[in-house]
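Asker: My structure is below; once you've seen it, I'll send some questions.
The values are calculated or read from the model by the stated rules, or taken from the named source; none is laboratory data. Fair warning: this is a prediction, and the values are worked out from it, not measured in the lab. Neighbour counts are summed over all protein chains in view; Cβ atoms, including those assigned to glycine, are modelled from backbone coordinates with ideal geometry.
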Amino acid sequence: MLAHMRRTLCAALFLILACGSAKAAAMSFEEERKIANEIVTVLDAQGLIVYDQEITWPVKLVADKLADHVKDPIYSFKIHVIADRSINAFAIPDGHIFVNTGTLLFVRDLDELAAVIGHEMGHAQMRHIPHTIEEQKKVTAVSIAGMLLGTLLSAKNPQIGSAMIFSSIGGGESIKLAYSRRFENEADEFGNNLMRASGFSPAAMNRFLVRLGPFSGGANIPEYLLTHPHITNRISGKSPDEPNPDPDEHYWMLHASVIGLILPEEEARQRAQGIPDPYRRLALGLLETRRGRHEEALRLLDGLDIPMAYAYKGLNLAMAGKKDEAYPYLRSYGASARTRVPLAEIMEERGEFDEAIAILSPYQKQNIQVDYKLGILYQKSSNEAMSHVSFARYFFKTGKYKASLYHIERALTRDKELEPSVAEEIKEMKELIEKIRVS
């Protein structure tokens, strides 16, 4: 399944980039936007983007704090979490920054996470990707595809990823699309200055790189060392001091959420033992929720004075059929798609269709359960156009492209009832489906 997913993603991204101009020149901002949006759409369709607010909120909190101190930003930075266990973070055109879940597990406090994100903001703000392409006149759109695919697809085999980054696809020319020493140094300086301005410890990047160092001589080289070279030079540079990590409650909430909501059961249990209470119990409660063991989840979550614990107590009560008990917890504390869906289902049973739509709308396009449920709710509230849009999103993300196209076509017959941005979204989705089906 994973291999098929990556092959599909590879083909789709190749077509996205190869269909662009083959002229070796820096991308315009409009070209950046279009390419980046299509890449994000494909990643999303393959289930690789994490939308759980329990995980994304602390990451966005760090990114927003850093972005507030970027002088004269040329992008509105967009942060994404990738469901990938390798230790990596990277930027693509148009200010999109990706952080892998492997990195979230590896960092030991939010300062280290800020160091990684700040460094990537430097690459984005200084437009290192477009400049790299411009400086290497023989680089084509196909070669750009090689760089991005090498970064995105090498989780299970870093050597393959490195080969794709440093070699062109289908050509004999040797190219180098990993960041140069100059660009790494520029991003380091940018990140260090941004960390200081934002109140984070600039020493955090050194801690992060020092711990990565021992892996550099082995076979399982972390992706971060492949796509961000010159590690020795960087450690000895800007921030020699390495004070101990200082994890706070936001860090532990993030750590517990990644463990409980993402990791396989055995590993999740092992990792949970290494974190302090009450976050250990929270992580295990999230795990039991995910595994459908609701009574055990309720036992673990009981007594935890944490808003997320109350929200998941409501979710487990609802799943156990105790909906009247669940409702106040979900209504007061539910702040993610996982906890809003059962609340919307309770409202649906009560005939409160519009209220249920309002509860779920902030999470549309982020969760297939939300998209499917909105399709039903819009239908029940006689909004046929948005019902078709929601079903189109659901079937697109589940790879049922024929069904998605059917709902796109039906929605487009009512395009005057749609917001212009929604109509444009499903038109782009249709174009992307056609590219994917050709591959």
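Asker: Restricting attention to segment 349-359, does a residue exist that is among the small types (Gly, Ala, Ser), assigned by TED's automatic domain parsing to the domain that holds Arg291, without any contact (Cβ under 8 Å) to a residue 40 or more places away in the chain and not in a helix (DSSP H, G or I)?
Answerer: First pass over segment 349-359, keeping only residues among the small types (Gly, Ala, Ser): 351, 356, 358.
The next check asks that each one be assigned by TED's automatic domain parsing to the domain that holds Arg291; those that pass are none.
Checked against the condition, which is being among the small types (Gly, Ala, Ser), assigned by TED's automatic domain parsing to the domain that holds Arg291, without any contact (Cβ under 8 Å) to a residue 40 or more places away in the chain and not in a helix (DSSP H, G or I), segment 349-359 yields no hits at all.
Asker: Now for a separate question. What about Ser162, is it hydroxyl-bearing (Ser, Thr, Tyr), surrounded by 17 or more Cβ atoms within 10 Å (Cβ to Cβ), modelled with pLDDT under 80 and in a helix (DSSP H, G or I)?
Answerer: Details: hydroxyl-bearing (Ser, Thr, Tyr): yes; surrounded by 17 or more Cβ atoms within 10 Å (Cβ to Cβ): yes; modelled with pLDDT under 80: yes; in a helix (DSSP H, G or I): yes.
Considered against the rule, which asks whether it is hydroxyl-bearing (Ser, Thr, Tyr), surrounded by 17 or more Cβ atoms within 10 Å (Cβ to Cβ), modelled with pLDDT under 80 and in a helix (DSSP H, G or I), Ser162 comes out as yes.
Asker: Further question on the same structure: Filter segment 392-428 down to the residues that are closer than 16 Å to Val42 by Cα and polar (S, T, N, Q), then identify the one that is farthest from the chain's Cα centre (by Cα). I'd like the intermediate steps shown before the answer.
Answerer: Within segment 392-428, the subset closer than 16 Å to Val42 by Cα is 392-401, 404-405, 425-428.
Now drop any that are not polar (S, T, N, Q), which leaves 398, 404.
Numbers: Thr398: 17, Ser404: 23 Å.
Only one residue tops the list, namely Ser404.
Asker: For segment 394-424, give me each residue that is among the charged types (D, E, K, R), in a helix (DSSP H, G or I) and over 20 Å from Asp354 (Cα atoms). Even if it seems obvious, please write down each step before you answer.
Answerer: To start, the set of residues in segment 394-424 that are among the charged types (D, E, K, R) comprises 397, 400, 402, 409-410, 414-417, 419, 424.
Next cut, in a helix (DSSP H, G or I) only: 397, 402, 409-410, 415-417, 424.
Across segment 394-424, the qualifying residues are Lys397, Lys402, Glu409, Arg410, Asp415, Lys416, Glu424.
Asker: Restricting attention to segment 319-335, report how many residues are in a helix (DSSP H, G or I) and basic (Lys, Arg). Quick ask: steps written out before the conclusion?
Answerer: In the first step, residues of segment 319-335 are kept if they are in a helix (DSSP H, G or I); the result is 319, 323-333.
With basic (Lys, Arg) added as a condition, the list becomes 323, 331.
Qualifying residue count for the region: 2.
Asker: Do you know which residues across segment 367-390 are over 18 Å from Ala423 (Cα atoms), at pLDDT 95 or above and in a loop (DSSP other than H, G, I, E, B)?
Answerer: Within segment 367-390, Ser381, Ser382 meet the criteria.
Asker: A follow-up question, please. Let me confirm something: among Ile49, Ile35, Ile82, which residue is closer than 23 Å to Ile433 by Cβ, crowded, with 21+ Cβ neighbours inside 10 Å and touching a Leu at 6+ places or on another chain (Cβ under 6 Å)? Explain how you work it out, then say what you get.
Answerer: Values: Ile49 fails: crowded, with 21+ Cβ neighbours inside 10 Å; Ile35 fails: touching a Leu at 6+ places or on another chain (Cβ under 6 Å).
One residue alone meets the criteria, Ile82.
Asker: At pLDDT 90 or above and surrounded by fewer than 16 Cβ atoms within 10 Å (Cβ to Cβ): does that describe Ser28?
Answerer: Values: at pLDDT 90 or above: no; surrounded by fewer than 16 Cβ atoms within 10 Å (Cβ to Cβ): yes.
No: the conditions fail for Ser28.
Asker: For segment 62-101, how many residues meet the condition of being among the charged types (D, E, K, R) and under 12 Å from His123 (Cα atoms)? Write out each step before concluding.
Answerer: To start, the set of residues in segment 62-101 that are among the charged types (D, E, K, R) comprises 64-65, 68, 71-72, 78, 84-85, 94.
Now restrict to residues that are under 12 Å from His123 (Cα atoms): 94.
Total meeting the criteria: 1.
Asker: Further, regarding this structure: Using the structure shown, decide if Ile433 is surrounded by 20 or more Cβ atoms within 10 Å (Cβ to Cβ), farther than 23 Å from Phe353 by Cβ and out of contact with any Ser or Thr (no Cβ under 9 Å at 6 or more places or on another chain). Let's see the steps before the verdict.
Answerer: Details: surrounded by 20 or more Cβ atoms within 10 Å (Cβ to Cβ): yes; farther than 23 Å from Phe353 by Cβ: yes; out of contact with any Ser or Thr (no Cβ under 9 Å at 6 or more places or on another chain): no.
Considered against the rule, which asks whether it is surrounded by 20 or more Cβ atoms within 10 Å (Cβ to Cβ), farther than 23 Å from Phe353 by Cβ and out of contact with any Ser or Thr (no Cβ under 9 Å at 6 or more places or on another chain), Ile433 comes out as no.
Asker: Okay, next question. For segment 309-323, state whether one or more residues are under 17 Å from Gln53 (Cβ atoms) and among the polar types (S, T, N, Q).
Answerer: For segment 309-323, residues under 17 Å from Gln53 (Cβ atoms) and among the polar types (S, T, N, Q): absent.
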